[in-house]
Each structure stands twice: as structure tokens, then as C-alpha cells.
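Structure record follows, encoded as C-alpha cells.
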Amino acid sequence: MKGERIIVYEDELNDEFSGSSVKPKVIDSKYKYIIKNPLYKLLSFVTYRLIATPIAYCYKLFNGVKFVNKKILKDYKGRGYFIYANHTNKSSDVLMPHMITFPKKIYTVVNSCNMNIPFIGNGVRTLGAMPIPTGLDGTRNFLQAIEKRSVEGNPILIYPEAHIWPYYTKIRNFSSSSFKFPVKFSEPSFCFTTTYQKRKKGKKPRIVIYVDGPFFPKEGLSIKEQQEDLRNQIHACMVERSRNNNVEMIKYMKQGEETND
């Protein structure tokens, strides 16, 4: 198509097309995931409830974002659960989970680079960002924080694709490593699949997010096998939902497979 934007990628697991490049922040055993200071808790409440949530609501309203099957989360509003989602939109991926899980605060596992973003790096922590440790010495605190938030009944969001591919309409391959959490803590899992669909008017696609689950690993398997089984269930579901995409804003082509069309 004339004027069509094309992105050529090499590595489906590691290529990043968000347009930003930030040095990772060191997240080690000194990093505090749980802060008990009353002033910090007040700041977190204000940032999350009085700033981020209204912005998320306005984004949904003015962009016509649609949620499909959101009602399945109601049966799990009193307990923690894990959410896996595809990573294709800077704004929607940050804001819309707030609306889907409202009124429960959602915590998001993020790359440590997010904590070093100029001006907003410190703010993302108050929004529920839980950075992945950059070394093994930070792993214990990280797992304890995830367990605490889960026990408290908060949903925890994970983007297993790890990197943003704007408006990508398929589901990338991803490892089973992040699926150790629901297996370890015996919690249910759900998936959010963001799709881009035609509007009756206008060229900008409508965002439609499908909610599916709960998913549980099969019993009788080893821990590693349960992780892989859970990953396969969720990946297959997201692939099926991604078939609802009918607008391709950006065409992604693997290096070496480009055509001259």
C-alpha cells in the first residue's frame, strides 16, 4: 500500500520499537518495593486515584475503547490474580488496565528502564510499577512484594512480550518464565488482548480489548511443566483473539523476508 509504514525486525523476542531509549536503573536488594511511609501512601493514592484514574477514564471515553468479557473478573474481585497482555500501545497499555480492574489497584511488572524515564520515573512507582530486579540479589524482595500484593487481593499485570511493538496485530512468541508467579502462588490467571478494528467513521482504528480466563495449570505436572502449560493456554487464547484485528497501521516484516511490492 502506498505510504504504508513498514518496520523490519530481526529478533521477535528482543527488538524494541517504542521509540525511547533509557538506561536501566539498578534494582538490587536495596530497592524497596513496599513503602510504609504514610506520606508516600497518601501521594500514591492521589497519583493513582485522583490523577491517573480520571485520565484513564477520559482516554477510554474520547478514544471509544471497548472492553469485551470484562464481567468475568467480578467473581475474583476479592482475591489476587495475574494478568498477561500483549504490548502494542504506549498509552492504552498503561491506562486501560486501570479501567478494566477498577476499583482494585493494579500492579504492573515493568522493566527497570521505566524507573529511569526523565520526569516520570519516580511517579510510575506510585502508579503500581514493580521493576524487575537487575541482579539476583534483588529477587527475594521482588518475589515477596508480588506475594504481598497478591495476598492483599490486587491484580498483577505482566507483559510477557516485554517490548512494545506499536499497533502489532499478531501475538509474538514469549517465554514461560513470567508464568512462574501464578504457579508459585496458586493464583488464577487472565489475559487481556488488545486489538485494532475498523470504525464506521474515521481512519484511526478502534481499540477493542478482550478479557479471557481464568486459566490454571494442569495438575500432576512439575512446576516447570505447569509454567509451560499455562503459557501455552494463554498464548493460544491471545492468538485466537488477535484474529479480530482488521486494521493494520504498521506492517512488520522480518529481516530477509522483505518484498519489492
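The values are calculated or read from the model by the stated rules, or taken from the named source; none is laboratory data. All values reported here derive from a predicted model rather than from experimental measurement. Note that each Cβ is placed from the backbone with ideal geometry, even for glycine, and that neighbours are counted across all protein chains shown.
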Matching residues in the range 196-248 - criterion: being in contact with a helix residue (DSSP H, G or I) (Cβ under 9 Å, 6 or more places away or on another chain) and among the polar types (S, T, N, Q):
Q226, Q227
Search the range 207-226 for residues being under 19 Å from the mean Cα position of the chain (by Cα) and buried (at least 17 other Cβ atoms within 10 Å of the Cβ), and hand back the single one that is nearest to S91 (Cα to Cα).
I207
Of these, I100, I106, I6, which one is within 18 Å of the chain's Cα centre (by Cα), modelled with pLDDT of 90 or more and either surrounded by fewer than 11 Cβ atoms within 10 Å (Cβ to Cβ) or closer than 24 Å to K170 by Cβ (or both)?
I100
Considering only residues that are in contact with a Phe, Trp or Tyr (Cβ under 9 Å, 6 or more places away or on another chain) and not in a helix (DSSP H, G or I), which ones fall in the range 24-68?
K25, I27, Y31, Y33, V65, F67, V68
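Which ones in the range 244-261 are buried (at least 19 other Cβ atoms within 10 Å of the Cβ) and part of a strand (DSSP E or B)? Walk me through how you get there before you give the answer.
Residues of the range 244-261 that are buried (at least 19 other Cβ atoms within 10 Å of the Cβ), as a first pass: 245, 252.
The one that is buried (at least 19 other Cβ atoms within 10 Å of the Cβ) and part of a strand (DSSP E or B): Y252.
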Reported set for the range 69-85 where residues are part of a helix (DSSP H, G or I) and in contact with a strand residue (DSSP E or B) (Cβ under 8 Å, 6 or more places away or on another chain) is K70, I72, L73, Y76
Give the residues of the range 20-68 that are polar (S, T, N, Q) and touching a residue at least 24 places away in the same chain (Cβ under 8 Å), sorted by residue number.
S20, S29, S44, T47, T53, N63
Could you tell me whether any residue of the range 227-243 is outside any helix (DSSP H, G or I), crowded, with 18+ Cβ neighbours inside 10 Å and under 18 Å from the mean Cα position of the chain (by Cα)?
no
Over the range 150-180, the set of residues surrounded by 20 or more Cβ atoms within 10 Å (Cβ to Cβ) and either in contact with a Leu (Cβ under 8 Å, 6 or more places away or on another chain) or under 25 Å from K36 (Cα atoms) (or both) is S150, P155, I156, L157, I158, R172, F174, F179
Of those in the range 159-195 that are touching a helix residue (DSSP H, G or I) at 6+ places or on another chain (Cβ under 8 Å), assigned to a loop (DSSP other than H, G, I, E, B) and of a type in the set (A, V, I, L, M, F, W, C), the residue modelled with the highest pLDDT is I171
Which residue, of T108, T88, is touching a residue at least 60 places away in the same chain (Cβ under 8 Å), outside any helix (DSSP H, G or I), out of contact with any helix residue (DSSP H, G or I) (no Cβ under 6 Å at 6 or more places or on another chain) and of a type in the set (V, I, T)?
T88
